[in-house]
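Reading through the structure tokens given below for one structure.
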2 protein chains.
Amino acid sequence: VKSQTTKKRRYAILAPECFASRSAKTAHGVIAYGHDEVVAVVDPQHAGRTVRDVVSYLDSDAPIVSSVADALTYKPNALLVGTAPPGGALPAAWRDEILMALTSGLEVVSGLHEILADDGDFAEAAWRSDAAIWDVRIPTATPLFSGKAWTVKPYVLLTVGSDCAVGKMTVSLELVRAAAEKGRLPEFIATGQTGIMIAGRGIAVDHVLSDFATGAVESMVTAHGSATDLLVVEGQGGINHPAYAPVTLSLMFGAAPDGLVLVHDLARKVVEGYGTPILSYRTLIRSYEALLASVKPARVLGIALNTSSLNEEDAVAAIAAARAETGLPVDDLVRFGPGSFYDAIAPQLSEKTLPVRE
Amino acid sequence: VKSQTTKKRRYAILAPECFASRSAKTAHGVIAYGHDEVVAVVDPQHAGRTVRDVVSYLDSDAPIVSSVADALTYKPNALLVGTAPPGGALPAAWRDEILMALTSGLEVVSGLHEILADDGDFAEAAWRSDAAIWDVRIPTATPLFSGKAWTVKPYVLLTVGSDCAVGKMTVSLELVRAAAEKGRLPEFIATGQTGIMIAGRGIAVDHVLSDFATGAVESMVTAHGSATDLLVVEGQGGINHPAYAPVTLSLMFGAAPDGLVLVHDLARKVVEGYGTPILSYRTLIRSYEALLASVKPARVLGIALNTSSLNEEDAVAAIAAARAETGLPVDDLVRFGPGSFYDAIAPQLSEKTLPVRE
């Protein structure tokens, strides 16, 4: 089975019974930031409406249809599995839709932990129609960490957070956009399945064997030469997340950042699914900076908040409170645009740090 | 290919050109602490001598021979690959010896990242002779972390360290021995390849996909019922290790320990292979305790030092200095026996901690 096409994709996105919900965040991210075209979304619950009708902040009038068979009318050449449930297993009800796509010759792109190309039914269908299956979580390279990341030329900025799914990928993409507009040569380093679908490359760090996770991140950071002067690395998880903190630490030590941006969603009151506390800004900043201090120091340059749960007045007040608590630039980069936040941290985006030596 | 036998093993240990060196630490660990018999060691460099001749602290007069063919004289039923190089790849020169063992019907037990059963030549040889290949790094279970580890009944003690290979496994085994002698019902939880070979079970956390590493550790901690009142979890790496700290954090959050023992080798001046600093006792203690404080708090109960690089007078002085710096029980559990250190921390080995709630 072919593992990835190089052609420009025209996606149908599979998100049955969930396109309106946060569990379709992969679908939303690809529509909002991806370079590939999205021609249809499959979700019987909202069939007949458009993407914008259902998720108002997505600027797309792609139709929502009931099935992959219906989506074929819009001439997709790829099907994107638009969800990534905890554990990454494939919902059983989706099998027939994926088989229909493969039988119709569509490339299938999946970010699940479950490897679709390893499934006998899918592999056979793909083989018969010469369709590709791109399991984006299969890592492209898994060397051990060498320390080469400590001396890369571009400034390395890493987004970190208070929990999973608070907006680290979005903030990273907004910062790349703002930096490019100001004349920098930024590159987005994708480290999770949605980011990889958007960027067209990257390594899903959560699917790398633990011993090799720092090395996998390093391999992405060291793969960029003189065409780039700013690497914005998509963060994952959170340093106090009971289940996924090790992935976070792989990014911290593997990317060897020169600076951090802390991301938090004000709607989040406890760590989702576990009930442990969301730490204060100051405690989070101290936790991230203290761990990096013994290897290659990096400071938190600013805080990017998701204020979408608040009205504008409360959002502005929350931003001001975070500024007062930390003395750092704080903003909601989606609600108010990334420009002024980027300008506030930009002067520091050339001050590389050095690894610690005895 | 069969993946593991249940019979009592009589090991030949493969450690060519390295049995005397630290890179044979897997071999040394299995000889020192394993329940299986070791009938011969393969290392042409020391052929004709005994284990004790070459590594004086190993209490074994097993012969050292030149080849697997020579080892067959001593009737082994299994070959243990006695090394675990960084990255875990198989030295090319060892292939023929492993093939000889499989052809002779010996079970082959390997802790390498490289999976021997996936190698066509090895698989075919094993199939022909009905030999088993036990790749101990293949995890037996990889669920996601659920939080069940927070409420297990046994006291959970985790060894943590200043670097890799400072003695965490040895200290864990010595503590289990001391606890059993004092009437506790302890269990050693093996988390690395050597520990698994010693215990006959366990999960090599460094070979688990990052997202599942905490869950894999949790699955070991929750698998013990009323027959056990103390789980001693073998630590890995170090929280400030540039490459392997994420594995360390997987153990910290996955095992959800009630207490920690900090392990350090006084010969170690920088993090091996990377040159970043070994942190002070106080900084290490603060780093470990601070990370756990936001999820399920645990304190460092004492410090276990490897003083083998020092004469006895200097060792005693170093132990006293560590006591003075930290106010904790400190000892070298191998040099001076685990008894008095165990007695010093024993009163705390029933005070379970609770997860943090808002």
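The values are calculated or read from the model by the stated rules, or taken from the named source; none is laboratory data. Since we're looking at a predicted model, the values are computed, not measured. Reconstructed Cβ throughout: ideal geometry from the backbone, glycine too, with neighbour counts over all protein chains shown. Protein only, heavy atoms only, side chains kept; ligands, DNA and RNA dropped before computing areas. Shrake-Rupley method; radii C 1.70, N 1.55, O 1.52, S 1.80 Å.
List of remarks:
- Pairwise inverse Cα distances across region A:179-301, averaged and inverted, put the Kirkwood hydrodynamic radius at 15.4 Å.
- If both residues of a DSSP beta bridge must be in region B:205-358, then about 10% of such bridges are antiparallel.
- Of the residues B:Thr103, A:Thr191, ranked by 1.4 Å probe accessible area with the largest first, the sequence reads B:Thr103, A:Thr191.
- With the largest listed first and rounded to whole Å, the semi-axes of the equivalent ellipsoid of region A:179-224 from the Cα gyration tensor are 23, 13, 6.
- Inter-chain Cβ neighbour count for A:200-210, averaged per residue, equals 5 (cutoff 10 Å, partner chain atoms only).
- In nm, spacing of pseudo-spin labels at A:Glu272 and B:Arg286 (7 Å Cα→C-beta vector): 3.4 nm
- Per-residue average of Cβ from other chains inside 10 Å of A:182-195: 0
- Separation between Cα centres of region A:313-348 and region B:112-168, rounded to whole Å: 46 Å
- Scanning chain B for the beta carbon that comes closest to the axis linking it by rotation to A yields B:Pro246, 2, distance in whole angstrom.
- Amide H contacts for A:Arg10 (H built 1.01 Å from N in the peptide plane; partners 5 or more residues away or on another chain; cut-off under 5 Å): A:Asn77, A:Ala78.
- Solvent-accessible area lost in complex, 10 Å² minimum, residues of region B:290-321 relative to chain alone, 1.4 Å: B:Leu291, B:Ser294, B:Val295
- Prolate/oblate/rounded call for region A:147-222, Cα gyration tensor, a/c under 1.5 rounded: oblate
- Taking region B:183-274 and dividing mean pair separation by its residue count, relative contact order in percent (alpha carbons under 8 Å, at least six apart): 29 percent
- Element breakdown for the protein assembly as shown at a 1.4 angstrom probe: carbon and sulfur atoms account for 52% of the accessible area.
- Taking 20 Å as the cut-off, the amide N atoms of region A:30-51 that come nearer than this to a point 7 Å along the Cα-to-beta-carbon line of A:Asp96 belong to A:41-48.
- Per-residue SASA entry for A:His207, accessible area with 1.4 Å probe, Å² rounded to 10: 20 Å²
- Pseudo-label separations to other copies for A:Ala227 - Cα-to-Cβ vector, 7 Å, nm: 6.0
- Its alpha carbons give region B:237-321 an Rg and a Dmax of 13.8, 41 Å.
- Most fluctuating residue given options A:Gly161, A:Gly82, A:Gly275, as computed from a GNM of chain A linking Cα atoms under 10 Å: A:Gly275
- Shielding by other protein chains, A:235-244, mean Cβ within 10 Å: 6
- Note on B:Ala317 and B:Asp61: the model spin-label points, each 7 Å out from Cα along the C-beta direction, lie 4.0 nm apart.
- Value of relative contact order over region A:246-344, rounded to a whole percent, pairs C-alpha under 8 Å and six or more apart: 29 percent
- Interatomic Cα distance distribution for region B:111-193, bins of 5 angstrom, percent: 2, 11, 14, 14, 17, 15, 10, 9, 6, 1
- For B:Glu187, the amide hydrogen comes within under 5 Å of the amide hydrogens of B:Leu230, B:Leu231, B:Val232, counting only partners 5 or more places away or on other chains and with H modelled in the peptide plane.
- For the protein assembly as shown, DSSP calls about 5 percent of its internal beta bridges antiparallel.
- When A:Ala123 is represented by a point 7 angstrom out along its Cα-to-C-beta vector, the spacings to that point in the other copies are 1.0 nm, nearest first.
- Spread over its residues, the convex hull of the C-alpha atoms of the protein assembly as shown is 163 Å³ per residue.
- Chain B: relative contact order as a whole-number percent, Cα under 8 Å and 6+ apart: 15 percent
- Square roots of 5 times each gyration tensor eigenvalue, C-alpha, region B:255-302, largest first, Å: 23, 11, 9
- Between A:Thr73 and B:Arg22, the FRET efficiency estimated from the beta carbon spacing at R0 = 45 angstrom works out to 0.10.
- Cα radius of gyration and Dmax for region A:275-358 (Å): 14.8, 50
- Our analysis of chain A gives Rg over Rh at 0.97, with the two radii drawn from alpha carbon positions and Rh computed by the Kirkwood formula.
- Packing-based ranking, highest mean first, of B:68-74, B:308-314 given that Cβ atoms within 10 Å are counted: B:68-74, B:308-314
- Under Karplus coefficients 6.51, -1.76 and 1.60, residue-wise ³J(HN,Hα) of region B:134-140 in Hz, glycine/proline x: 9, 7, 5, 7, 6, x, 7
- Estimated 222 nm signal from helices in chain A, with DSSP H stretches of n ≥ 4 weighted -39500 (n - 2.57), rounded to 500: -9000 deg cm²/dmol
- Accessible area (Å², 1.4 Å probe, nearest 10) - A:Ser60: 20 Å²
- Rounded if a/c under 1.5, otherwise prolate or oblate - region A:67-216, Cα gyration tensor axes: prolate
- Computed with a 1.4 Å probe over protein heavy atoms only, the accessible surface of the protein assembly as shown comes to 38 Å² per residue.
- Cα centroid separation - region A:1-17 against region B:283-299, whole Å: 44 Å
- Derived scalar couplings between HN and Hα for region A:323-339 equal 4, 5, 5, 10, x, 10, x, 9, 6, 9, 6, 7, 5, 10, x, x, x Hz in order, rounded to whole Hz, by the Karplus curve 6.51 cos²θ - 1.76 cosθ + 1.60 (θ = phi - 60°), x for Gly and Pro.
- Fraction of antiparallel bridges per DSSP, chain B only, in percent to nearest 5: 5 percent
- Solvent-accessible surface ranking, highest first, for A:Leu102, A:Leu144 at 1.4 angstrom: A:Leu144, A:Leu102
- Nearest-first distances (nm) between copies at B:Ala92, label 7 Å from Cα via Cβ: 5.0
- Over region B:7-141, the alpha carbon radius of gyration divided by the compact-protein estimate 2.2 N^0.38 Å works out to 0.96.
- Gap separating the Cα centres of region A:24-81 and region A:263-280, nearest whole Å: 30 Å
- Build a GNM of chain A with springs between Cα atoms under 10 Å apart, and of A:Pro186, A:Pro44, A:Pro338 the one that fluctuates most is A:Pro44.
- From phi via Karplus (6.51, -1.76, 1.60), per-residue ³J(HN,Hα) for region B:172-188 in Hz, x at Gly/Pro: 4, 5, 5, 5, 4, 4, 5, 5, 5, 5, 8, x, 6, 10, x, 9, 8
- Cβ-Cβ distance of B:Arg201 and A:Ile115, R₀ of 22 Å, FRET efficiency by 1/(1 + (r/R0)^6): the value works out to about 0.25.
- Normalised by residue count, region A:165-204 yields a Cα convex hull volume of 56 Å³ per residue.
- Cα-projected label distance for B:Arg357 with B:Ala227, points at 7 Å along beta-carbon direction, nm: 3.3 nm
- Within the listed set A:Glu114, A:Glu234, A:Glu325, the Gaussian network model of chain A (springs between alpha-carbon atoms below 10 Å) gives the highest mean-square fluctuation for A:Glu325.
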